[in-house]
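A.B. asks: Have a look at the structure that comes next, please.
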Amino acid sequence: ANPAMMRTDAMSVCPDAVTEDELDKLSRRGTELNLADLASLDKKVPLAAEDKWIGSLDLDAFAAELKMLGKALAAQQGDADVRHLDKIVAWQRGCTALGIATMGFAPYNPLAIFALSTGVLTRWTIVAHHVCHGGFDKCETKGRYNRFKFGVGSVYRRCVDWLDWMLVEAWNVEHNQLHHYCLGELSDPDLVENNLLSIREDEGSLFLKYVSVAFFMMTWKWIYYAPNTFKMLSLHELRRQGKEPTFPPDAHPKYAGQPVPARWLDRPWTLLALYGKSANVFFRRAVFFAWVLGPFFAVRFVLLPAVAGLLFGGHAYFNSLVSLVLAELLTNAHSFLVIVTNHAGSDLYRFEKHCTPRSSTFYLRAIISSANFTTGGDLNDFLHGWLNYQVEHHMWPDLSPLSYRKAQPLVKALCKQHGVPYVQHSVFWRLKETVDIMVGNASMRKFPTEWENQADLVE
């Protein structure tokens, strides 16, 4: 239709009610509507009150600023980041040395227990975590902190670089690939709400649910995390070979050689899964105990107390063993506190579909499905295992710890500018949020798929 003719017709109908300038304004009003007001036209579900920010977000502009910031942070990494990591490694080794030197004095020595626990925690969460992500590949040239060498390839490298319950290669697959690039999805192996579904849906005593969670907190690394990461490595290798997981030949004749149930692929794999019908599915139980759990158990609970006993007698052996066991319980609880609570809570989002890595949606999900703790200062960050910068870490997994500290206030300011929720609380408040999810007292927010950038999604 001719705009001039339309304008004339409208004025002839009600000449005293509207002017030509007013008609121009009315014709442009549709472009000024908030995206949230167009939901019905786009056939999108209406946004809940806590999700209204989604409708007004310019995602492309927001992501462009984040990408520019990430490039700037990567470009400024250098010798200062390596020296800083060397300092943190010295602190970590100092904790371990102090714990070993004092563990034989008394069976319940709090100094030895805390030092031993902290040494294990920080070797994993600060040193191995950032090295295995490639945070120092470009700024450390001697190969000490190279992700392709660190802790992988042999038992010797594992013992020298990072000896823990988990096999390093398995953790690299489970964490670096699946968790980071499937964050908040059903395929995320660390999605607490999904992994604890049996407890959440249990209609029994709430008190017993809390007891179960407390037990899990103190044992989760070897009861759940070690077998689950090894399962993910096994699945990864099967897929690379073009094979599907099947029941082993020595399973019950009814199941031998048959494909495993599809629901088992996303099911959390614990020590209990190594027995009964699911025994030796994905991997051989004997291999797991010998190759995955065996080295850490042998060094930690056989070799160290034995050396103490040989040097200082039977009392030192007993005291050392007790201290090491209690330190193990503490480091499980400490690591649960700073790891599991990063991505669980009623104020964080989960998602139905997968998104393209490094897309605009990827950056948004890294923020709204992660929670930061109190940040700033080497001692504070050290005791948090440097996991108090999860928002920044999930956007740029391959940066150094020091870069995350630099990025944090900048990212928080960008989120405020664009109206994006930036979740940051005390680690103990995040523990409360996580436990509420685990026992079924609360649920995570579900991001409305219709409101995501469809070009970034993968079926």
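A.B. asks: Among the residues in segment 361-373, are any touching a Ser or Thr at 6+ places or on another chain (Cβ under 8 Å), closer than 25 Å to Asn441 by Cα and either of a type in the set (Phe, Trp, Tyr) or open to solvent by 30 Å² or more (accessible area, probe 1.4 Å) (or both)? Explain how you work it out, then say what you get.
C.D. replies: At the first step, the residues of segment 361-373 found to be touching a Ser or Thr at 6+ places or on another chain (Cβ under 8 Å) are 362, 371, 373.
Retained after the next criterion (residues that are closer than 25 Å to Asn441 by Cα): 371, 373.
Still in the running and either of a type in the set (Phe, Trp, Tyr) or open to solvent by 30 Å² or more (accessible area, probe 1.4 Å) (or both): 373.
Yes, segment 361-373 contains at least one residue that is touching a Ser or Thr at 6+ places or on another chain (Cβ under 8 Å), closer than 25 Å to Asn441 by Cα and either of a type in the set (Phe, Trp, Tyr) or open to solvent by 30 Å² or more (accessible area, probe 1.4 Å) (or both).
A.B. asks: So, Leu85, is that one of a type outside the set (Val, Ile, Thr), in contact with a His (Cβ under 8 Å, 6 or more places away or on another chain) and at pLDDT 50 or above or not?
C.D. replies: So Leu85 fits the description; yes.
A.B. asks: Is it the case, given these coordinates, that Phe297 is out of contact with any Phe, Trp or Tyr (no Cβ under 7 Å at 6 or more places or on another chain), open to solvent by 50 Å² or more (accessible area, probe 1.4 Å) and at pLDDT 95 or above?
C.D. replies: For Phe297, the condition - out of contact with any Phe, Trp or Tyr (no Cβ under 7 Å at 6 or more places or on another chain), open to solvent by 50 Å² or more (accessible area, probe 1.4 Å) and at pLDDT 95 or above - is met.
A.B. asks: Which residue pairs have Cβ atoms closer than 9 Å, lie 6 or more positions apart in sequence or on different chains, and pair a first residue in segment 356-381 that is more than 13 Å from Lys67 (Cα to Cα) with a second residue that is β-branched (Val, Ile, Thr) and at pLDDT below 95?
C.D. replies: Thr356/Val458
A.B. asks: Would you check which residues across segment 136-192 are at positive phi and surrounded by 19 or more Cβ atoms within 10 Å (Cβ to Cβ) and list them?
C.D. replies: Hits for segment 136-192 are Gly151, Gly184.
A.B. asks: I would also like to ask the following. Give segment 122-135 a look and list any residue that's on the phi < 0 side of the Ramachandran plot and in a loop (DSSP other than H, G, I, E, B), or say none.
C.D. replies: His133, Gly135
Yes/no matrix, rows are residues, columns are (1) surrounded by fewer than 11 Cβ atoms within 10 Å (Cβ to Cβ); (2) more than 27 Å from the chain's Cα centre (by Cα):
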site	(1), (2)
Gly204	yes, yes
Lys209	no, no
Ala214	no, no
His236	no, no
Arg240	yes, no
Thr246	no, yes
Asp250	yes, yes
Gly257	yes, yes
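Here is a yes/no grid of residues against (1) closer than 18 Å to Leu337 by Cβ; (2) in a loop (DSSP other than H, G, I, E, B); (3) among the hydroxyl-bearing types (Ser, Thr, Tyr):
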site: Ser370; (1), (2), (3): yes, yes, yes
site: Asn380; (1), (2), (3): yes, no, no
site: Trp386; (1), (2), (3): yes, yes, no
site: Asp398; (1), (2), (3): no, yes, no
site: Ala407; (1), (2), (3): no, no, no
site: Val411; (1), (2), (3): no, no, no
site: Leu431; (1), (2), (3): yes, no, no
site: Val435; (1), (2), (3): yes, no, no
site: Ser443; (1), (2), (3): no, yes, yes
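The values are calculated or read from the model by the stated rules, or taken from the named source; none is laboratory data. Every value quoted in this text rests on a predicted model; they were computed, and no experiment measured them. Because the Cβ atoms are built from the backbone with ideal geometry, glycine has one as well, and the counts that use them run over all protein chains shown. The accessibility values were calculated without ligands, DNA or RNA, using every heavy atom of the protein model including side chains. Shrake-Rupley method; radii C 1.70, N 1.55, O 1.52, S 1.80 Å.
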